[in-house]
Structures are given as C-alpha cells and as structure tokens.
Amino acid sequence: MKHKHGDEVDGWLIIDKPQGMGSTQVVGKTRYLLQAKKNGHTGTLDPFATGVLPIAFGEATKLVPFVTDGKKEYEFTLKWGEKTDTGDTEGEVIARCDKVPNHDEIIAALPHFIGKITQVPPVYSAIKINGQPAYKLARKGENVEIKPREVEIYALELLEEMPDSARFRVECSKGTYIRTLGKDIAEYLGTLGYLTALRRTKCGNFDLKSKILLDSLEKIEYVENRRQLLLPLETSLRDIAEIAVTAEDAKKLSMGQGISPKNYSVSAQENLAAAEFDDCLIALVQIGEKKISPIRVFNQFKKGNKDVDQ
C-alpha cells in the first residue's frame, strides 16, 4: 500500500496480530505509527486469528512473495461435537454430535493428514468466485461451490487435551485452511468440530521471537524509536545462499546488469542467492553457469553507501 505522505522507511515489522482486527487494518495502523510511505502484509490473517503477521515497509515489499510462499506454522484448538457454518466461533452452530474422540484415536488419525492432502476451502473464505470473494456470496445466501485444492502438511501434533476439545500444532504449505483441517480431522474421527482458537506462530522465517504487540508499539513515544524495531530486509532470506559482491559488481546489479560468476564460489545448483555489499542487500540474483542475473533490485544501499559510486 502506498500513501501520499510519509517517509521512505525500509524493513520488516513482525506484529502479533490481535483478535478482532483484520490484516489490512494492521497495515494502515503500522504505516501511521511509523509515518511510512509504503507498506504491506504477507499472508492474510482474518479477524478471528492471532499471531505472526509480517509487515513489509518500503524496499521489503519486494520480498513479500518470498515470505508468502514459505511454510506456515499454527496452533489451533478444536472443539469436538459441534459444527459451525464458518468453521470457527464467528458462525452459527449447524450440527451436533455426542462423540468425543479419545487420546489413542486422535494419535492414530494424525498420520492420515500428513503429506499432500486435498482440501475444499470453506465458503467463508476470501477465494474469488467470478471476481467476488466467496464469503460475500455466502453471506448473501448464494450457493457457493469451491473446487478442491492440494496442500501439504509437513508436521501435525497433538499438544493438549481438554474434556471437550484438543489443541494441535501444524506446519503447512501456503494456501492451507486450518478451519478445514480441523473440520476434516473431526469428521475422520467420526464426530464434528470447529476451531475455538487459531494462532499463527511462524510465517516463512519469521516467528514469535521477533514479534511486537500493536499496543506496545503505540506506547513508544517517538516515531524514530518505533522505527528502530524494524528488522533488515535480509531477515526474510535466511534460507538462501549469500554472495558478498564487490563495489563494482554491486553497481552493475543495481542498474539491472548481470555479473560474471568467475569471481565468486557459487554453484548454478543454488539457483537463487542474495547479493550483498558492505552488509547491505543489493539484489536477489539468479545464478547461471555464465552469468549472475538480478531478479529483484533494492535501492536501500544507495542511501549513504558512497563506495558504490566511486
């Protein structure tokens, strides 16, 4: 999101999103609090959910797809014996069942949901149908038909059991609907279920260790002190190779030009890498046998990095 007013501010802010607030609202609030010109979020969290919501500022918005495409981790509480029309506490109870699965049944069911699985996303979701979000059509009472999609569950474990519910942790691919996962687990166990809590604990490389509450951010008196909480652009790229380039090659990359791989110990098998100069991210590059080519160029190093222009 761009705004007429505000300063050029670059970096990541990891918000612990509160319940009852949408992702877009958090973007607007943080842009105001940091008096920034441009920011955006990665991986929507709707008002029901809480947890890790990475907010990208300035040049970090160029890295949003790399975070959005990464793995996610959630903790969720599944209440047994009832089903709501939304799959969570926001909806109306539409069916009931007496069965509460026992510990052994739950443990035996979990492997069935690990790996590549097929889900039918809920009708109360932001998936577009003929240009309209599904949840808007559903609220109008229209018949909404959503096609199944394949997602991947990397890990699924039982964390805690209560008399009528259970808490789980799941690591999954992007596009996974946790409400649907909860409903499907319940149905596999011969009962019904809906989510009473949903918290994202990880999004790409970001987790709760780096998070800050919006309330805490508001209590910081000066804008400059709030901006000090920003994480560097490269924080989101811990899993890819790094290349420390020369000042001359940094300048070439910043102008969109390729550089020779001869001076760098890189392998074409690594494919993607982060090119840095003087601890500053210059570009994301594609590594080829004959050329290292920029695919995303960042302007932050030009701000105060005089060596590049010498």
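Since every read-out is calculated from the coordinates, none of them should be taken as a lab result. Nothing here was measured: the structure is a model prediction, and the numbers come from that model. Because the Cβ atoms are built from the backbone with ideal geometry, glycine has one as well, and the counts that use them run over all protein chains shown.
With only Lys, Arg, Asp and Glu charged, each at its Cβ (+1 for the first two, -1 for the last two), find how big the charge dipole of the range 229-294 is about the Cα centre; round to the nearest 20 debye.
Working: 6 positive and 10 negative charges, 62 e Å.
The calculation lands at about 300 debye.
Strictly greater than 21 Å: what percent of every Cα pair in the range 1-149 meets that? Could the numbers behind the result be given before it?
Numbers: 6597 of 11026 pairs.
Roughly 60 percent, rounded to a whole number.
Across the Cα atoms of the range 174-289, what radius of gyration and what greatest pairwise Cα-Cα distance (Dmax) are found, in Å?
When restricted to the Cα atoms of the range 174-289, Rg and Dmax are 21.6, 65 Å.
Among L181, I220, N130, which residue has its Cα furthest toward the positive end of the charge dipole of the range 129-258, with +1 on Lys/Arg Cβ and -1 on Asp/Glu Cβ?
Of the listed residues, the answer is N130.
For P(r) over Cα pairs in 10 Å bins from 0, in percent, one of (1) 6, 23, 27, 23, 15, 6, 1, 0; (2) 6, 27, 34, 24, 8, 1, 0; (3) 6, 23, 25, 19, 13, 9, 4, 1 was computed from the structure I shared and the rest are decoys. Which label?
(1)
Measure up K17/K79; K211/K251; K83/K147 against 25 Å on the Cα-Cα distance and list the ones that go over.
Details: K17/K79 23 Å; K211/K251 34 Å; K83/K147 21 Å.
Going by Cα-Cα distance, K211/K251 fall outside the 25 Å limit.
With respect to the cross-link table entries K62/K290; K71/K262; K62/K209; K38/K262; K62/K183, which display a Cα-Cα separation exceeding 31 Å?
Working: K62/K290 26 Å; K71/K262 34 Å; K62/K209 23 Å; K38/K262 37 Å; K62/K183 35 Å.
Violating the 31 Å Cα-Cα cut-off are K71/K262; K38/K262; K62/K183.
Scan the range 88-179 for GluC sites (Glu not before Pro) in coil per DSSP, keeping those whose Cβ has at most 16 other Cβ atoms within 10 Å, and list them by number. Can you show the working numbers first?
Numbers: sites: E90, E92, E105, E142, E145, E150, E152, E157, E160, E161, E171; in loops: E90, E92, E142, E145.
Answer in residue order: E90, E92, E142, E145.
Using 1/(1 + (r/R0)^6) with R0 = 22 angstrom and r between the beta carbons of A155 and R238, what's the FRET efficiency to the nearest 0.05? Mind dumping the intermediate values first?
Working: r = 19 Å, r/R0 = 0.88.
Once the sixth-power term is evaluated, E becomes 0.70.
Using θ = phi - 60° and the Karplus form 6.51 cos²θ - 1.76 cosθ + 1.60, what ³J(HN,Hα) does each residue of the range 65-74 get, whole Hz, x for Gly and Pro?
Residue by residue, the range 65-74 yields x, 6, 7, 4, 7, x, 5, 10, 9, 9 Hz.
Mind putting together the pair-distance distribution for the range 78-200? All Cα pairs, 5 Å bins, whole percent per bin, short to long.
Result returned by the calculation: 2, 11, 21, 23, 20, 14, 6, 2, 0.
Explain nothing, just the number: dipole magnitude of the chain about its Cα centre with +1 on each Lys and Arg Cβ and -1 on each Asp and Glu Cβ, in debye rounded to the nearest 20. Walk me through the intermediate numbers first.
Numbers: 44 positive and 45 negative charges, 228 e Å.
Using Cβ point charges on Lys, Arg, Asp and Glu, the chain gives about 1100 debye.
On a 0 to 90 degree scale, rounded to 10, what angle separates helix 23-33 from the longest Cα axis of the chain?
Roughly 40 degrees between the two axes.
Nearest 0.05, what FRET efficiency do E8 and H112 give at R0 = 51 Å with Cβ-Cβ as r?
Approximately 0.55, to the nearest 0.05.
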